[in-house]
Amino acid sequence: MAAPREETRGLFGQGVRAVLGSWAALQIAVENGFGGTHGPEKAAWLGGAVEEYFHNNVPSTSLILVLTGSGLPGHLGSIPHSALPPADLEQDEIEDFLAKVLDREFDTVVEDGSLAQVSQQLQWLFGQCQSGETGSAHNAIARLAQAAPQACVLAAQAQPESQSSEEEEEEEMPEAMECSRAEPPPSPPPTPEDGWTLVQKKKK
């Protein structure tokens, strides 16, 4: 039996928070104050903004009725999840959306390729929720939640120590930091293996 749309919408919200929580680049920007004193609040706002972005780009109810042949709007509740189209978004559009938010709200440019991975994860999760595949979505969210503490550790390690000597800072704060990526959901194409997380604040 397909899960109610309210449940799958809530599940996608959990997925968004899990993806963003395991995104080392975002956590580094928050921990280092790139978003100012309200960085954590901005990160929380971003989760809601991503949800709204996806849901606002789903084809209209009238189009769904035409595609499924369901007739009157009153019959919408009987439309199976498998008949609901995913968000009308390309992966590069999601990347652009995230890049613009990080630029505007966190004054940050991400150059490690993680924008593509995060966008792919969000797109896949939304598709699973729209089609009622809650089991696979739950499994992916659980894996992402396990990766979140590592992202927080990387963010903490990226903070400069004001009392350390210049020599210590050179050793402890390299220009690029190795980062293990979260295991992506099972269905999307494979993503690059462990690489580098390079997050830099924009120059004024």
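Explain nothing, just compute: Karplus ³J(HN,Hα) = 6.51 cos²θ - 1.76 cosθ + 1.60, θ = phi - 60°, for every residue of segment 111-118 in order, whole Hz, x for Gly and Pro.
Couplings: 10, 9, x, 6, 4, 5, 5, 4 Hz.
So how exposed is H138, as accessible area in Å² (1.4 Å probe, rounded to 10)?
Rounded to the nearest 10, that gives 90 Å².
Spelling out what I want: for every residue of segment 89-94, take phi, set θ = phi - 60°, compute 6.51 cos²θ - 1.76 cosθ + 1.60 (Karplus), and round to whole Hz; glycine and proline get x.
Calculated HN-Hα couplings, in order: 9, 8, 4, 5, 5, 5 Hz.
The values are calculated or read from the model by the stated rules, or taken from the named source; none is laboratory data. Only a predicted model underlies this, so the values are computations on that prediction, with no experimental measurement involved. Protein only, heavy atoms only, side chains kept; ligands, DNA and RNA dropped before computing areas. Shrake-Rupley method; radii C 1.70, N 1.55, O 1.52, S 1.80 Å.
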